[in-house]
Amino acid sequence: MNPLKSISINILIPLLISLVFVAIVFYGEKIPKIIFSLVPYIFYAISALILWVSWHFNRNRFIFIIIPLILMQVGFKYFGVDKATSLYIFTSIVFPLHLLIFLVLKERGLFSIWGIMKILFFFFEIAIVLYFIYFPHATIKEFIDIKIFASSMYPLKDISVVIGITVVFVLAMLVMFNRYLVYNSSFLIIAVSFYAGLYFLKTPHANEISLLVISVVIFALLIRESYRLAFYDELTELPGRRALVEDMAKLGMKYSFAMVDIDFFKKFNDTYGHDTGDDVLKMVATKLSEVTGGGKAYRYGGEEFVILFPSVERDQAYVHTDLVREIVSKSAFVVRNKKGSKKIFVNISAGLVQNSSKDKDPFATMKRADNALYKAKKAGRNQVIKG
């Protein structure tokens, strides 16, 4: 299960965005009407920006999410009453499932075989919805009108509510247990916002605002994803070297550095293979990310990591660094092959220093920590040496 702190942090931004717009809807009489008249145009502008950024950074998932919303907005505005009602019903059924499918599917090139299959599936969805809007079937209408609940969720159909509850439940489970918290938390808020807009359809501007909320949440997610790609290591999900350099520029008068290295990692790779080596890197990174005492772990490169302790003295940082070293050494790692599986243990060594007046910058301090790490290796490994 994901840590509660991580869940809270990741869901906070999209939740705050949605709550701001909820307040706008329910206190609409206090807001100038001209603001609401601009909502569709703001939605189109943000959507165009999302399409451009998604295309530029090869984040095609967002293209397949935002285009249906644009089509809905256009359909609700320009269809007649009967067709707009049908569009409302079918989108309440199809879009949440569409959202879940494109969340689960991995990012691929838009014009790769997988990308082309996504495009074909996307057009198939649109064709099916348009077909049933223009050529209604009595059997389909009977299925949609089926009663499941004793109480009415009007204007939503019971089948829409069942699908909505299912999708929201699956997304909530992904938020709790899946590693991609940034995506899962935002998509959960998107699903809830979408259904809120449909349920409060008779509230003035509620549906238009809900589409705007979704576009803003997606754009915020794009920004966060761009930041993650730039500053976080993809394999270990720790902040990378660029993030370390940025944080080093913010350091005060006192700080400590721990340079950390996995012992005999090359030998481990040669024995068990690089895939298993990657798993070891992820395991060690997970343990380092849980370091206490105000420390923050980074992947520096290869099997080397850095733990930065802002405003922490060396002796205090040593306690927390040695604790995480001990935790790693006692964490069994299971290696599986054709002959079966066996438990192995990996160790880490670390060199720890505190900045001094002789260091011209944090890089000089980090160099001394690297020298201390070398001493830890020479002294027998699986230990922390204070420089």
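The values are calculated or read from the model by the stated rules, or taken from the named source; none is laboratory data. Keep in mind it's a predicted model, so treat the numbers as computed, not measured. Using ideal geometry, Cβ is built from the backbone for each residue, glycine included, and neighbour counts are taken over all protein chains shown.
See the values below:
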read-out	value
Exclusive hit being in the same structural domain as Pro68 (by TED's automatic domain parsing), surrounded by fewer than 11 Cβ atoms within 10 Å (Cβ to Cβ) and assigned to a helix (DSSP H, G or I), set Ile46, Ile34, Ile17	Ile34
Selection within the stretch 68-88 - assigned to a helix (DSSP H, G or I) and without any contact (Cβ under 8 Å) to a residue 24 or more places away in the chain	Val74, Gly75, Tyr78, Val81, Asp82, Ala84, Thr85
Some residue of the stretch 81-97 being in the same structural domain as Tyr183 (by TED's automatic domain parsing), hydroxyl-bearing (Ser, Thr, Tyr) and loosely packed, with under 15 Cβ neighbours inside 10 Å	yes
Residue list for the stretch 230-248, restricted to those being in contact (Cβ under 8 Å) with a residue 12 or more places away in the chain and of a type outside the set (Asp, Glu)	Ala230, Phe231, Leu235, Thr236, Leu238, Pro239, Gly240, Arg241, Arg242, Ala243, Leu244, Met248
Filter result (assigned to a strand (DSSP E or B) and crowded, with 19+ Cβ neighbours inside 10 Å) within the stretch 285-343	Ala297, Tyr298, Arg299, Tyr300, Phe305, Val306, Ile307, Leu308, Phe309
Among the residues listed as Gly197, Gly109, the single one being buried (at least 19 other Cβ atoms within 10 Å of the Cβ), closer than 25 Å to Asn60 by Cβ and free of Cβ contacts under 8 Å to residues at least 60 places away in the same chain	Gly197
Residue in the stretch 262-269 that is in contact with a strand residue (DSSP E or B) (Cβ under 7 Å, 6 or more places away or on another chain), under 21 Å from Val384 (Cβ atoms), buried (at least 17 other Cβ atoms within 10 Å of the Cβ) and modelled with pLDDT of 85 or more present	yes
